[in-house]
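Trainee: This structure is in structure tokens; I'll ask about it shortly.
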Amino acid sequence: MNPDLLLDITPEFEILSRINILKRHMKGAGLQALFLTHKPDIYYFSGTAQDCYLYVCLDQDPLLFVKRYLPRARLETCIKDIIPVQSVKEIPHGIRAAHQRLPSTMGIAFDVVPVRDFQFYQKLFKNTSFLDGTPLIEGCRQIKSVYEIGQMEAAGRVSKKIFDFMAGKLSPGMTEMEFCGYVEAFARRHGHSGKLQMRHYRSEGFSFHLMSGRTGGLAGALDSPVCGTGTCTAYPFGAGPKLIRENEPILIDFGTMVKGYHMDESRMFVLGAMEPSAKEASLASMEILNQLQEAMKPDVVMGELFDTSVKMAAKMGYEQEYLGLPSLKSRFVGHGIGLELVEHPVLARGRSARLQPGMVLAVEPKFIFKNRFAAGIESVILITETGSRFLSQTENRVFSC
């Protein structure tokens with residue numbers, strides 16, 4: 001295989017640093033080993049997303065078990081001990097051969113491993129006690145390195161191109177779905193992967209989230225302040241068959257994934273002149289976003305930021321509309337983002353965790369006006385050593401087309 005085809009190899013120092021940080025977390029938790037089966041986790045700690053499994057032992061070098069495709073895995077990862085296997089059943093034998101023993105306790109990501117798979121792993125490792133390794137994985141992944149921040153900035157540049165393209169191509173008479181398909185073709189030409197990674201098995205990762213006029217005022221199943229009609233009853237969120245019209249408020253929430261890393265941004269659009277109530281709500285969402293960004297700094301309690309945003313919305317007169325309809329309000333105003341669209345941490349009500357340098361969050365103050373429209377904004381913010389800054393490069397404004 002020509003190695004020139006693989007243009008985004010994760011640097012060796014980056015992978016080794018992640019492994020070392022993970023081992024520190026493991027030692028603090030009293031965990032001997034960690035068995036990684038979830039693709040984004042394997043990719044984060046190894047640099048490859050081939051069909052493989054990663055075993056990290058506290059006092060040994062990690063082992064990468066590869067089912068397929070071994071030549072690509074060898075090119076993509078700096079993990080030294082790569083063991084080809086035909087079946088997952090061979091992994092315990094491979095661990096014994098390399099480390100002379102199996103662990104008595106081993107972590108596995110309880111949040112993503114299906115029950116049937118977990119029961120299978122329990123039979124493979126008969127004398128091993130499994131513990132939840134999810135907090136250790138999240139503890140590593142929620143703090144972004146300089147390398148990761150650079151990757152996300154690159155995704156932000158692509159996202160800005162996409163939003164600028166939207167502003168130049170939005171026109172009346174197109175359906176929401178048609179326009180989103182048009183945009184996605186442009187996005188793919190500029191490096192968008194075409195899909196978004198979601199960790200929770202009941203979540204859907206989709207890019208085409210456009211709500212024009214009254215479709216923005218329709219509540220639904222999506223765990224978000226706004227939902228949209230979706231393409232059909234089987235997929236009831238995001239863009240739908242409604243025609244885009246002049247002078248109506250249009251909320252476009254677009255997720256971008258470039259070389260594995262995500263950007264999640266929302267902006268308001270209008271063809272012509274936006275009605276005053278929608279324009280005022282759009283400006284209010286920007287004010288809340290800017291106030292939150294100024295308040296976001298290391299050691300700030302996440303739940304307090306959520307409460308601040310709610311108080312601001314109420315003071316502006318939007319208590320009923322903020323973060324959803326009165327009976328369907330979201331309990332968060334921001335979420336972590338990186339190799340998956342939604343990661344830890346979450347800026348949620350009652351959350352006592354504190355912000356730390358290196359955290360990256362998509363912050364999304366939004367309003368829904370029942371059966372009328374949605375208004376809001378979403379931008380990605382990096383927590384620095386002394387405060388925070390926008391990683392998003394798309395302008396925080398209403399796009400008039």
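The values are calculated or read from the model by the stated rules, or taken from the named source; none is laboratory data. As the structure is a prediction and not an experimental result, all values here were calculated from the model. Positions of Cβ are generated from backbone atoms using ideal geometry, with glycine treated the same way; all protein chains shown enter the neighbour counts.
Trainee: Given the options ARG202, ARG188, ARG214, name the one that is closer than 18 Å to ILE337 by Cα, of a type outside the set (Asp, Glu) and surrounded by fewer than 21 Cβ atoms within 10 Å (Cβ to Cβ). Don't jump to the end; show me each part of the working.
Mentor: Details: ARG188 fails: closer than 18 Å to ILE337 by Cα; ARG214 fails: closer than 18 Å to ILE337 by Cα.
Answer to the check: ARG202.
Trainee: Further, regarding this structure: Consider ARG372 carefully, then state whether it is more than 19 Å from ASP264 (Cα to Cα), more than 16 Å from the chain's Cα centre (by Cα) and in the same structural domain as TYR318 (by TED's automatic domain parsing). Show your work before the answer.
Mentor: Numbers: more than 19 Å from ASP264 (Cα to Cα): yes; more than 16 Å from the chain's Cα centre (by Cα): yes; in the same structural domain as TYR318 (by TED's automatic domain parsing): yes.
Criteria met by ARG372.
Trainee: Output the number of the condition that GLU76 fails; it satisfies all remaining conditions of (1) under 24 Å from the mean Cα position of the chain (by Cα); (2) surrounded by fewer than 16 Cβ atoms within 10 Å (Cβ to Cβ); (3) of a type in the set (D, E, K, R).
Mentor: (2)
Trainee: Now for a separate question. Being at pLDDT below 90 and among the aliphatic types (A, V, I, L, M) is the requirement here; does LEU251 meet it? I'd like the intermediate steps shown before the answer.
Mentor: Details: at pLDDT below 90: no; among the aliphatic types (A, V, I, L, M): yes.
So LEU251 fails the test.
Trainee: Take ASP299 and tell me if it is in a strand (DSSP E or B) and at pLDDT 95 or above.
Mentor: On the way: in a strand (DSSP E or B): no; at pLDDT 95 or above: yes.
Taking the combined requirement at face value, the residue does not satisfy it.
Trainee: Please tell me if SER379 is at pLDDT 95 or above, among the hydroxyl-bearing types (Ser, Thr, Tyr) and assigned to a loop (DSSP other than H, G, I, E, B). Step through it out loud before you land on a result.
Mentor: Numbers: at pLDDT 95 or above: yes; among the hydroxyl-bearing types (Ser, Thr, Tyr): yes; assigned to a loop (DSSP other than H, G, I, E, B): no.
For SER379, the condition - at pLDDT 95 or above, among the hydroxyl-bearing types (Ser, Thr, Tyr) and assigned to a loop (DSSP other than H, G, I, E, B) - is not met.
Trainee: Within the range 330-341, identify whether any single residue is out of contact with any Leu (no Cβ under 6 Å at 6 or more places or on another chain), among the aliphatic types (A, V, I, L, M), under 23 Å from GLY156 (Cβ atoms) and in contact (Cβ under 8 Å) with a residue 24 or more places away in the chain, and answer yes or no.
Mentor: There is at least one residue in the range 330-341 that is out of contact with any Leu (no Cβ under 6 Å at 6 or more places or on another chain), among the aliphatic types (A, V, I, L, M), under 23 Å from GLY156 (Cβ atoms) and in contact (Cβ under 8 Å) with a residue 24 or more places away in the chain.
Trainee: When you look at ILE9, is it in a helix (DSSP H, G or I) and on the phi < 0 side of the Ramachandran plot, yes or no?
Mentor: Values: in a helix (DSSP H, G or I): no; on the phi < 0 side of the Ramachandran plot: yes.
In short, no.
Trainee: Let me ask something else. For the range 307-363, give me the residue count where each residue is in contact with a helix residue (DSSP H, G or I) (Cβ under 7 Å, 6 or more places away or on another chain) and either polar (S, T, N, Q) or not in a strand (DSSP E or B) (or both).
Mentor: 16
Trainee: Among residues belonging to the range 225-247 that are over 22 Å from LYS366 (Cα atoms) and hydrophobic (A, V, I, L, M, F, W, C), point out the one that is surrounded by the fewest Cβ atoms within 10 Å (Cβ to Cβ).
Mentor: ALA234
Trainee: Of everything in the range 302-340 that's among the acidic types (Asp, Glu) and crowded, with 19+ Cβ neighbours inside 10 Å, which residue is nearest to ARG372 (Cα to Cα)?
Mentor: Among residues in the range 302-340 that are among the acidic types (Asp, Glu) and crowded, with 19+ Cβ neighbours inside 10 Å, the one nearest to ARG372 (Cα to Cα) is GLU321.
Trainee: Taking helices (runs of 4 or more DSSP H) that do not extend beyond the range 104-209, which have at least 2 residues that are in contact with a helix residue (DSSP H, G or I) (Cβ under 8 Å, 6 or more places away or on another chain) and closer than 13 Å to THR256 by Cβ? Before the answer, list the steps.
Mentor: Details: elements: 115-124, 134-141, 146-169, 176-189.
Here the list reads 146-169, 176-189.
Trainee: Then there is this: Please go through the range 104-158 and give me each residue that is within 30 Å of SER207 (Cβ to Cβ) and of a type in the set (Lys, Arg), ordered by number.
Mentor: ARG141, LYS144, ARG157
Trainee: Note down all Cβ pairs under 6 Å where the first residue falls in the range 54-76 and is in contact (Cβ under 8 Å) with a residue 60 or more places away in the chain and under 15 Å from TYR43 (Cβ atoms), the second is in a loop (DSSP other than H, G, I, E, B) and not β-branched (Val, Ile, Thr), and they're at least six residues apart or on different chains.
Mentor: ARG72/GLN50; LEU75/LEU6; GLU76/GLY47
Results for (1) closer than 29 Å to SER104 by Cβ; (2) free of Cβ contacts under 8 Å to residues at least 12 places away in the same chain; (3) of a type in the set (A, V, I, L, M, F, W, C); (4) surrounded by 20 or more Cβ atoms within 10 Å (Cβ to Cβ), shown as yes or no for each residue.
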site	(1), (2), (3), (4)
VAL146	no, yes, yes, no
ILE149	no, no, yes, no
GLU153	no, no, no, no
LEU170	no, no, yes, yes
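Trainee: Residue by residue through the range 80-126, note down the ones that are of a type in the set (Phe, Trp, Tyr) and within 24 Å of ALA29 (Cα to Cα).
Mentor: Narrowing the range 80-126 to residues of a type in the set (Phe, Trp, Tyr): 110, 118, 120-121, 125.
Of everything in the range 80-126, those that are of a type in the set (Phe, Trp, Tyr) and within 24 Å of ALA29 (Cα to Cα) turn out to be PHE110, PHE118, TYR121, PHE125.
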